[in-house]
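Shown next, in C-alpha cells, is the structure this report addresses.
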Amino acid sequence: MRRLLGAVRTRPLRWMLVAAVLATSAAGACGGGGEQTSPPASSTTTTPPYLPAVIDPPKTASPVTVQQVVDVRTVRLSDGAELKVRGLAAPDACWADAAGMFARTMLLEKSVEATPEGSLRLADGTDYAVLAVELGMVRNDAADDPAMKEAEEKASARKLGRWGPPCVQPNTAAPVTSRPGGTTTAPPAPKPVTGCSVEYRVTNTWPGGFRTDVTIRNTGTTDVTGWTLVWKFPSGQTVSEMWNATPKQSGPEVSATAMPYNQAIARGESVLMGFTGSGSGGNSTPGAFSLNGFSCTRA
C-alpha cells in the first residue's frame with residue numbers, strides 16, 4: 001500500500017520537472033532568459049563608400065576681337081595674346097598678299113573665339129582655318145584633321161587660290177606693258193562673256209544672318225579677263241562682308257567685282273567667292289545673275 005502511494009505521489013513531480021525543462025529550453029530558443037552567446041565574427045570585409053572621380057570642367061573658348069593681322073595664320077588679339085592658328089601652313093609667297101587681304105577682311109576688328117587648342121572661330125561659328133583652306137588661301141598643316149584634309153582636296157581640285165594662277169599655272173590675265181618713255185598701257189577691256197553659270201549655296205544660317213558661297217564658272221568659248229557679278233536680293237538681305245570679291249550694294253542690287261588676284265577665269269574653270277549677310281525678312285535665293293552684263297544660268 002505504501003509503495004503504491006509513493007508511485008502515485010512521485011509521478012506528478014516527474015511531469016513537473018519535465019515541463020520545467022521544456023519551458024527553459026523554449027525560452028532560450030526565443031532569446032528570452034538564459035545566457036546568450038555572441039554570433040561568430042563575419043568573414044566579409046566592409047566596402048568603402050563610393051567617391052566619384054573629380055572631373056575637370058570642359059575648356060571653353062574665350063571671346064575676343066582681332067586687333068592685328070600679321071599674316072593669314074597669325075593674329076594679335078584684344079587680350080594681348082598672339083595666336084598662330086592651328087592647322088595652317090606658312091603662306092606661300094605667290095599668294096601671301098591675297099591671303100593676307102582675305103584674313104584682314106574676315107578677322108580684323110571682328111569678334112572671334114580663340115580655343116585653348118589654337119583654333120579660331122568666327123562669330124557665326126565657322127572654323128576660320130577650315131574656311132581659309134577651303135578657299136585656297138593657304139595650305140593645310142594638320143594631316144590628322146579630316147575636315148582640313150577634305151577642305152584642301154576641294155580647293156586643289158577646283159584650282160582655287162594658291163592652287164591656281166599664278167602659283168600653279170601661268171596667269172592668263174593680260175599684263176600691263178611699258179612703252180619707251182616710261183608710259184604704260186592698261187590691260188585691254190574684258191572680252192565679252194560668252195557663257196557662264198552660277199552656283200549660289202547658303203552654307204550656314206543663324207538668327208538674323210547667313211553665310212553663302214558663290215561659284216562662278218566660265219562655260220563660254222573665251223577666257224574671262226575681269227569680271228563683275230550682279231544679282232538682286234528678293235528678301236531685303238544685305239551683304240555684311242565678302243571675300244574673293246569687292247562688294248557694292250544699292251538697295252536690293254549687289255555687285256561683286258574680282259580682286260586683283262582672281263581677275264582671270266579660263267574657259268571651263270571657275271572661281272569661288274562668298275559673303276556673310278543679314279536680313280530679317282527671310283533669305284530667299286536670288287533668281288538671276290549676270291556676269292559682265294551676260295545672263296548666267298543657275299548651276
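The values are calculated or read from the model by the stated rules, or taken from the named source; none is laboratory data. Model, not experiment: these values are computed from the prediction. Note: ideal-geometry Cβ built from the backbone for every residue, glycine included; neighbour counts use all protein chains shown. Heads up: the accessible areas ignore ligands, DNA and RNA and are worked out on the full protein's heavy atoms, side chains in. Shrake-Rupley method; radii C 1.70, N 1.55, O 1.52, S 1.80 Å.
For the range 36-57, does any single residue satisfy the condition of being surrounded by 11 or more Cβ atoms within 10 Å (Cβ to Cβ), over 23 Å from A151 (Cα atoms) and modelled with pLDDT under 60?
Of the residues in the range 36-57, the ones surrounded by 11 or more Cβ atoms within 10 Å (Cβ to Cβ) are none.
Within the range 36-57, not a single residue is surrounded by 11 or more Cβ atoms within 10 Å (Cβ to Cβ), over 23 Å from A151 (Cα atoms) and modelled with pLDDT under 60.
Being open to solvent by 30 Å² or more (accessible area, probe 1.4 Å) and within 13 Å of A89 (Cα to Cα) is the filter here, so list the residues in the range 141-157 that pass it.
If we filter the range 141-157 for residues that are open to solvent by 30 Å² or more (accessible area, probe 1.4 Å), which is where we start, we get 141, 143-147, 149-150, 152-154, 156-157.
Those that are open to solvent by 30 Å² or more (accessible area, probe 1.4 Å) and within 13 Å of A89 (Cα to Cα): D141, A143, K149, E152.
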Every residue from the range 69-106 that is without any contact (Cβ under 8 Å) to a residue 40 or more places away in the chain and either of a type in the set (D, E) or over 17 Å from R139 (Cβ atoms) (or both): V69, V70, D71, R76, L77, S78, D79, G80, A81, E82, L83, R104
Matching entry among V70, V66 (being open to solvent by less than 60 Å² (accessible area, probe 1.4 Å), modelled with pLDDT of 90 or more and of a type in the set (A, V, I, L, M)): V66
Count - residues of the range 217-239 that are open to solvent by less than 60 Å² (accessible area, probe 1.4 Å), under 17 Å from S290 (Cα atoms) and outside any loop (DSSP other than H, G, I, E, B): 6
Residues located in the range 190-210, provided they are open to solvent by 20 Å² or more (accessible area, probe 1.4 Å) and either modelled with pLDDT of 90 or more or assigned to a strand (DSSP E or B) (or both): T194, E199, Y200, R201, V202, T203, N204, T205, W206
Evaluation of M137 against (1) at pLDDT 85 or above; (2) open to solvent by 10 Å² or more (accessible area, probe 1.4 Å) (one fails), failing number: (2)
Counted residues, the range 64-75 - those being touching a helix residue (DSSP H, G or I) at 6+ places or on another chain (Cβ under 8 Å) and part of a strand (DSSP E or B): 4
Leading residue by the ranking (nearest to C196 (Cα to Cα)) among those in the range 222-248 that are of a type in the set (S, T, N, Q) and without any contact (Cβ under 8 Å) to a residue 60 or more places away in the chain: T222
Residues of the range 89-118 classified as surrounded by 20 or more Cβ atoms within 10 Å (Cβ to Cβ) and within 19 Å of A151 (Cα to Cα), total: 7
